[in-house]
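Below: the structure, in structure tokens.
Just so it is clear, none of the values below were taken in a lab; they were calculated from the coordinates. Note that the structure is predicted; figures quoted are calculated from it, not measured. Note: ideal-geometry Cβ built from the backbone for every residue, glycine included; neighbour counts use all protein chains shown.
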Amino acid sequence: MTVYLLRRLTAGLALAVLVTMITFLLLSTSFDDVAGSVLGNGAAPHQIAAQKAQMGLDRPVAVQYADWLAHAVRGDLGASYFTSEPVRSAITARLGVTLSIVVVALLATSVISVALGVAAAARGGAVDRFAQGAAMIGYVVPSLLVAIALVYVFAIKMHVFPATGYTDFSESPSRWAGSIAIPVVALMMGGVAGLTSQIRGAMIGELRKDYVRTLRTRGIPTHSIVLRHALRNAAGPALTVLSLEFLQMLGGALIIEQIFALPGFGQYAFNASLQGDVPIIMGISLFGVLLVVAVNLVVDLLGGWLNPKARMVR
């Protein structure tokens, strides 16, 4: 297992270097525009050239990237070109807002999907039809439309939740819950649909296997067969889907944070992209890759815990 972890971590670090290198190469084509944006409209060409030299953007691209990577390894991601705010502290502060939304949405998605998927597979009939209908609605209704409808009903008409803004958990847990309630529901719609369908299909396949019939003949209670045996074996593929949903939710947070004016990772990335703030974009790329690597590693470890055969293969 140790060798496997080291191999995965090495591959993750190599992926981070590759992604950030490609990102930097793409950004290098707009360095003139970045220097002009810092100076403002009406800057003369010689002023832009002087600004590029001052920012170090006139050096060879390979040298600039190597310099950025050397600082990044030490935890120094530079500072914003426009606000001079340290990138690492800015990203970590905003990442907490995004992760609070995404993690709560992911947990709620997991609980609801497991309940619907297991009930649909074990009971069938009307319960199965309800689960499939709910999943279909989640597939076809856009999250953006759900967000607008929820704001109109619960924020504008009923005044139950705030329409925009974010309250930190340390300031007021109840207000924090209220500020993320609508974004969480909007973010989890598609995830519930996909995960419910996956768990339902996997559970139906497990409940038809020979070992389930053997357990029934031994007098094992149905709930024990479903929850302790079938669900554990069906959870492996569902974990893969759940990891993909997590990454999709991170992307969806970009839109959700814009709609609800949340000071999160997605909104910060969006504004940095509009300005061409290279240090911020590079820091966001690095954090994004590391999040993907961490999530995939956790999913693999959980899959190995659920399925001993997978551990033996590794």
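Toward the positive end of the charge dipole of the chain, with +1 on the Cβ of Lys and Arg and -1 on the Cβ of Asp and Glu, the farthest Cα among G252, G276, L239 is that of L239. Modelled spin-label separation between V73 and T214, with each label point placed 7 Å from Cα along the Cα-to-Cβ direction: 5.3 nm. Rounded to the nearest 0.05, the FRET efficiency derived from the C-beta distance between A50 and T29 at R0 = 25 Å is 0.80. Estimated purely from DSSP H runs of n ≥ 4, each contributing -39500 (n - 2.57), the mean residue ellipticity at 222 nm for the chain is -26000 deg cm²/dmol once divided by its residues.
A dipole drawn for the chain from +1 and -1 charges on Cβ atoms has a positive end, and of S100, L262, A70 the residue lying farthest that way is S100.
Rounded to two decimals, the Cα-based Rg/Rh of the chain, with Kirkwood Rh, is 1.07.
Each residue in Y152, Y65 was given a count of other beta-carbon atoms within 10 angstrom of its own, and listing them fewest first yields Y152, Y65.
Per the Debye calculation on the range 100-263 with a single equal scatterer at every Cα and no solvent contribution, log₁₀ I(q)/I(0) for q = 0.11, 0.14, 0.17 Å⁻¹ amounts to -0.52, -0.75, -0.97. The distance between label points at L39 and R129 comes to 7.1 nm (points 7 Å beyond Cα on the Cα→Cβ vector).
Remark: the chain carries a charge dipole of roughly 1780 debye about the Cα centre, counting +1 on each Lys and Arg Cβ and -1 on each Asp and Glu Cβ. Residues E171, E85, arranged from fewest to most other Cβ atoms within 10 angstrom of their Cβ, appear as E171, E85. As a length-normalised measure over Cα pairs under 8 Å and 6 or more apart, the relative contact order of the range 100-263 settles at 35 percent. Helix screen, the chain: DSSP H segments with Cα axial length of 20 Å or more and mean Kyte-Doolittle hydropathy at least 0.5 are 2-27, 87-123, 125-140, 173-207, 231-260, 278-306.
Rounded to the nearest 0.05, what FRET efficiency do S84 and I137 give with R0 = 51 Å and r taken as the Cβ-Cβ distance? Could you check? Taking R0 as 51 Å, the efficiency between S84 and I137 is 0.60. Near A79, the amide H atoms lying under 5 Å from its own belong to V87; only residues 5 or more places off or on other chains count, and H is placed 1.01 Å from N.
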